[in-house]
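Student: Submitted below is the structure of interest, expressed as structure tokens.
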2 protein chains.
Amino acid sequence: MHEVPFPQSGPKRKLLDVAEELFAEKGFEAVSVRDITQAAKANVAAINYHFGSRDGLIAMVVVRHLVPVCEERLARLDAVEKRWAGKTPPLEEIIEAMLRPLLGQLRKSDLSERLFYKLIGRIFAQAGEGMPSSVEGLLAKTNDRFKKAFGKVLPTLSGEDLAWRIHFVSGGMIHMLSNYDSVQKLPAGSSAASAMEVTLGRLIRFSAAGMGEGMAVAAELVESPQAFFDF
Amino acid sequence: MHEVPFPQSGPKRKLLDVAEELFAEKGFEAVSVRDITQAAKANVAAINYHFGSRDGLIAMVVVRHLVPVCEERLARLDAVEKRWAGKTPPLEEIIEAMLRPLLGQLRKSDLSERLFYKLIGRIFAQAGEGMPSSVEGLLAKTNDRFKKAFGKVLPTLSGEDLAWRIHFVSGGMIHMLSNYDSVQKLPAGSSAASAMEVTLGRLIRFSAAGMGEGMAVAAELVESPQAFFDF
DNA sequence: GTCTATAACTAGATAGAC
DNA sequence: GTCTATCTAGTTATAGAC
């Protein structure tokens with residue numbers, strides 16, 4: 001890496017941060033450059049100077065979050081596969097590698113938990129529309145790696161089945177994040193962990209069951225081989 | 001019913017139809033009053049005359065589809081419960097009662113299949129934001145009925161678990177509809193049925209497995225009691 | 001009911017002073 | 001780099017002729 005792609009300080013970074021906050025709250029289309037520059041106490045020309053256009057700013061906001069999430073997804077999947085070297089990992093672990101980065105990047109953001117999740121939800125709800133080709137490539141690569149990983153655990157599923165089931169998992173995650181405000185209303189229980197953490201656990205278990213539908217026996221077999229053949 | 005809530009013909013209906021088409025393709029926020037009136041060959045003032053405002057038009061578009069979907073959901077759930085009177089119905093049937101109306105209302109629409117699904121995806125992705133209170137009531141009632149129906153089949157799940165799992169099912173459906181264009185790319189197989197029909201089947205099975213997670217034994221038992229105990 | 005014309009406002013982008 | 005002022009084009013909504 002011979003260049004830092006995102007500004008770490010200065011007025012450009014300030015604009016990026018403020019824009020994220022507004023986009024998270026109201027959605028990309030509902031925020032004008034004037035809203036942003038006003039909130040950032042910059043002049044109206046600042047966005048065009050620093051990002052070329054409003055769309056350039058949005059692209060940078062999206063990429064700034066999309067790229068680290070994809071990278072963490074790939075890294076986590078690598079770690080899972082390494083740990084189970086040779087053996088087939090449980091579905092839950094692959095799904096967690098896929099979903100947890102959407103939460104895990106929170107600590108690297110200055111946004112509040114609430115706004116971060118709303119923003120991530122919006123980003124992934126429209127991911128794939130008008131992305132720079134470099135990012136499209138990373139998205140495609142990530143998707144492909146996970147499809148192969150799931151395919152190894154669920155060898156009898158067709159490519160279409162795999163793709164659709166992954167799509168359904170994504171849908172659950174995006175819907176959960178986009179409706180973050182209702183995450184608070186639907187209490188997670190009396191756990192000390194954050195509500196989102198508990199909800200992620202729910203989604204992982206739900207998704208693992210869905211991914212493995214029709215192959216409960218084989219899935220059980222991986223975790224406790226004796227359970228099925230011992231009679 | 002002593003009044004027909006939606007115009008069946010005339011210029012008002014024409015505006016509604018044209019607006020739907022544009023909203024489906026580009027999203028609500030990306031379509032202006034001028035775009036609509038131009039496409040409908042009406043004058044710019046027509047929307048304000050007939051619907052009071054642009055928001056009034058959007059609300060009517062949303063309600064026109066949300067209400068029949070909710071009603072069909074409730075009717076289908078009634079039918080399922082009647083047919084299994086006393087006994088617990090399979091999860092798949094309740095889920096189908098919940099999801100199929102999003103597809104089933106297609107025949108009552110003049111939109112192409114593609115645009116209809118995109119529109120429904122958009123409507124449900126933002127359902128709950130700024131709805132008229134009458135519609136909010138219908139949404140809440142529908143949700144409540146389904147939560148109770150699922151609760152009967154899955155009596156050991158907490159209310160929070162139920163609510164979240166239903167939320168995840170909705171997410172899968174909305175994501176599938178919102179990305180209709182990719183439904184075509186991910187081929188459904190060589191079946192004669194429409195791609196969407198096959199995909200809905202996939203989602204129902206996926207969701208049934210997810211809903212029943214942790215209670216696979218009880219669920220299997222309902223459908224084929226001998227399968228588990230016969231050894 | 002339908003239309004034109006226009007009001008009143010907001011959008012993103014830019015030229016040019018400092 | 002940062003600012004103000006302004007341009008052009010878009011927006012919704014409305015007043016008033018027909």
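The values are calculated or read from the model by the stated rules, or taken from the named source; none is laboratory data. Computed from a prediction, not measured in an experiment: that's the story for all the values here. Cβ coordinates were reconstructed from backbone atoms using ideal geometry, including for glycine residues, and neighbour counts include every protein chain displayed. These accessible areas exclude ligands, DNA and RNA; they are computed on the full protein's heavy atoms, side chains included. Shrake-Rupley method; radii C 1.70, N 1.55, O 1.52, S 1.80 Å.
Student: Under 1.5 on a/c is rounded, so check that first for the protein assembly as shown, then, if it is not, pick prolate when a/b is larger than b/c and oblate when it is not; a ≥ b ≥ c are the square roots of the alpha carbon gyration tensor eigenvalues.
Tutor: Cα axes put the protein assembly as shown in the oblate bin.
Student: Still on this structure, please answer the following. Normalized C-alpha radius of gyration of the stretch A:67-230, against 2.2 N^0.38 Å?
Tutor: 1.08
Student: Ordered shortest first, which distances in nm separate the 7 Å Cα→C-beta label point of residue A:82 from those of the other copies?
Tutor: In ascending order, 6.1 nm.
Student: Please compute the volume of the convex hull spanned by the alpha-carbon atoms of the stretch A:123-180 and report it per residue in Å³.
Tutor: 83 Å³
Student: Through the Karplus equation 6.51 cos²θ - 1.76 cosθ + 1.60, θ set to phi - 60°, convert the phi angles of the stretch A:126-139 into ³J(HN,Hα) values in whole Hz; use x for Gly and Pro.
Tutor: Ordered by residue, 3J(HN,Hα) equals 10, 4, x, 8, x, 7, x, 5, 4, 6, 4, x, 5, 4 Hz.
Student: Provide the per residue accessible area, probe 1.4 Å, for chain B, rounded to a whole number of square angstrom.
Tutor: 49 Å²
Student: List, by residue number, every residue in the stretch A:154-179 with a reduction of 40 Å² or greater in accessible area between the chain on its own and the complete protein assembly, 1.4 Å probe.
Tutor: A:160, A:164, A:167, A:168, A:175
Student: Report the longest stretch of chain A that contains none of the trypsin sites (Lys or Arg not before Pro) sitting in a DSSP loop with at most 13 other Cβ atoms within 10 Å.
Tutor: A:88-231
Student: Checking an interface number: how much accessible area is buried between A and B, summed over both chains, with a 1.4 Å probe, in Å² rounded to 100?
Tutor: So the total buried area for this chain pair works out to about 3000 Å².
Student: Taking θ = phi - 60°, what integer Hz values does the Karplus form 6.51 cos²θ - 1.76 cosθ + 1.60 yield along the stretch B:9-23, in sequence order, with x for Gly and Pro?
Tutor: Karplus-based 3J(HN,Hα) across the stretch B:9-23 equals 7, x, x, 5, 4, 4, 4, 4, 5, 5, 4, 3, 4, 5, 4 Hz.
Student: Once each part is reduced to its C-alpha centroid, what is the distance from the stretch A:83-150 to the stretch B:16-75 in angstrom?
Tutor: With the stretch A:83-150 and the stretch B:16-75 each reduced to a Cα centre, they are spaced 35 Å.
Student: Quick check on chain A: helices-only [θ] at 222 nm, where DSSP H runs of length 4 and up contribute -39,500 (n - 2.57) each and the sum goes over total residues. Nearest 500, please.
Tutor: Dividing the helical sum by the residues of chain A leaves -22500 deg cm²/dmol.
Student: Same structure, new question: Along Cα→Cβ at 7 Å, what distances in nm separate the residue A:25 label point from those on the other copies, shortest first?
Tutor: Counterpart label points of residue A:25 in the remaining copies fall at 3.5 nm.
Student: Right, next: What do you get for GluC sites (Glu not before Pro) in the stretch B:90-192 restricted to DSSP loop and a cutoff of at most 10 other Cβ within 10 Å of the site's Cβ?
Tutor: B:129
Student: A further question follows. Each residue of the stretch B:148-159 in order: what ³J(HN,Hα) in whole Hz does its phi give by Karplus 6.51 cos²θ - 1.76 cosθ + 1.60, θ = phi - 60°, with x for Gly and Pro?
Tutor: Working through the residues one at a time gives 5, 4, 5, x, 5, 6, 10, x, 8, 7, 6, x Hz.
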